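What follows is a set of notes on a single structure, which appears directly below.
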């Protein structure tokens, strides 16, 4: 437990020490939130779908979480290149505890990032449908953050340098985001696109945010929770296995 706590605390310190990272990671979510939220609001309303800004905010919260979580996992590559990972792995502690601590730290950072975006969205006019469900939404944020931090750690365990990073961004992270329904409703999609959204785990995360924050759901909150819990458990197991196989 001590190792898990130390690694968790290390990830938090790394995040709060980097002011540029904290501020820079808010740029893209705010751009999407304001440019799309206000730019397409009239089109969305004219189509009879209601307030697009209210609809979009949970999706942008999910966007902030997945990007921060994936990057937290990918930082493993930097630690490997600069020797920090070797120093950690040669210590007489369990690799499983190291991985769990890193994942919990990255997930905590990603959740905090999602909360910051949630607060900023409220400054621009977003209002939750039921304030009592906001703490539950934060729990789901942590669950989504755990899922994608574990995924990022698993991917980073397979890579030895940053050359594959753009490949991951273009063929994994961006499709996960755009196919999750963060920017558009999931109902009425073509069969192929609808099938892709169903196998995208982020779809269930964003759907749970909408269910809790704006009282709109596509899959149902129960289905969202079950899928997220199962996929998170699978990714934690796979990520732990891949991390244990890293050669130092």
key: Which numbered condition residue 156 fails, given (1) modelled with pLDDT of 90 or more; (2) touching a helix residue (DSSP H, G or I) at 6+ places or on another chain (Cβ under 7 Å)   = (1)
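Looking at 59, 101, 73, can you tell me which residue is at pLDDT 85 or above and in a helix (DSSP H, G or I)?
Matching residue, one of 59, 101, 73: 59.
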request  = Please specify each residue of the range 7-56 satisfying the condition of being under 23 Å from residue 69 (Cβ atoms), crowded, with 17+ Cβ neighbours inside 10 Å and modelled with pLDDT under 75.
outcome  = 7, 8, 11, 15, 25
query = Just wondering, is there one or more residues in the range 226-247 that are over 24 Å from residue 96 (Cα atoms), assigned to a helix (DSSP H, G or I), in contact with a helix residue (DSSP H, G or I) (Cβ under 8 Å, 6 or more places away or on another chain) and touching a residue at least 60 places away in the same chain (Cβ under 8 Å)?
reply = no
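Table: residues versus (1) assigned to a helix (DSSP H, G or I); (2) surrounded by 14 or more Cβ atoms within 10 Å (Cβ to Cβ); (3) free of Cβ contacts under 8 Å to residues at least 40 places away in the same chain.
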residue: 121; (1), (2), (3): yes, yes, no
residue: 145; (1), (2), (3): yes, yes, no
residue: 152; (1), (2), (3): yes, yes, no
residue: 156; (1), (2), (3): yes, yes, no
residue: 170; (1), (2), (3): yes, no, yes
residue: 184; (1), (2), (3): no, yes, yes
residue: 189; (1), (2), (3): no, yes, yes
task = Check 221, 202, 196 and return the single one that is in contact with a helix residue (DSSP H, G or I) (Cβ under 9 Å, 6 or more places away or on another chain), surrounded by 15 or more Cβ atoms within 10 Å (Cβ to Cβ), farther than 19 Å from residue 173 by Cβ and modelled with pLDDT of 90 or more.
result = 221
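The values are calculated or read from the model by the stated rules, or taken from the named source; none is laboratory data. All figures in this text were calculated on a predicted structure; none of them were measured in a lab. Positions of Cβ are generated from backbone atoms using ideal geometry, with glycine treated the same way; all protein chains shown enter the neighbour counts.
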